[in-house]
Amino acid sequence: MTFHHRPSLPASDVIMPDGLLQKVADHTVGIATHRASLKQHGQHLKRGILLCGRPGTGKTHTVRHLLSQSEG
């Protein structure tokens, strides 16, 4: 098994409209803060987002930031 280095990227390097990056982070990474309650109610923790757009619109920066915010 090979583990790749996960590059970190601060939120200040991601250019998005105000509040949008926080909404995306809450939906993907932030869901773990409610892990116990969701599992108790039979909800899964897997979340995903679809990023689409032309090259240079910030998709990779967004993913790198989200990965740097997640544990494990």
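The values are calculated or read from the model by the stated rules, or taken from the named source; none is laboratory data. This one's a predicted model, so the numbers in the text were calculated from it and none came from an experiment. Because the Cβ atoms are built from the backbone with ideal geometry, glycine has one as well, and the counts that use them run over all protein chains shown. Please note that ligands, DNA and RNA were not included when accessible areas were found on the heavy atoms of the full protein model with its side chains. Shrake-Rupley method; radii C 1.70, N 1.55, O 1.52, S 1.80 Å.
Converting phi to 3J(HN,Hα) with the Karplus coefficients 6.51, -1.76 and 1.60 and the offset θ = phi - 60°, segment 55-69 yields x, x, 9, x, 4, 5, 4, 4, 5, 4, 5, 4, 5, 6, 8 Hz in sequence order, with x at every glycine or proline. Computed over protein heavy atoms with a 1.4 Å probe, the accessible surface of the chain works out to 84 Å² per residue.
Taking amide H as placed 1.01 Å from N in the peptide plane, THR57 has no amide H partner under 5 Å among residues 5 or more places away or on another chain. Annotation for the chain: trypsin sites (Lys or Arg not before Pro) lying in DSSP loop with at most 15 further Cβ atoms inside 10 Å of their Cβ are LYS46, ARG47. Counting only residues at least eight positions apart within a chain, or on another chain, the lysines with an alpha carbon under 19 Å from that of LYS59 are LYS23. Rolling a 1.4 angstrom probe over the chain with all protein chains present gives an accessible area of which 56% lies on carbon and sulfur atoms.
Its alpha carbons give the chain an Rg and a Dmax of 13.8, 41 Å.
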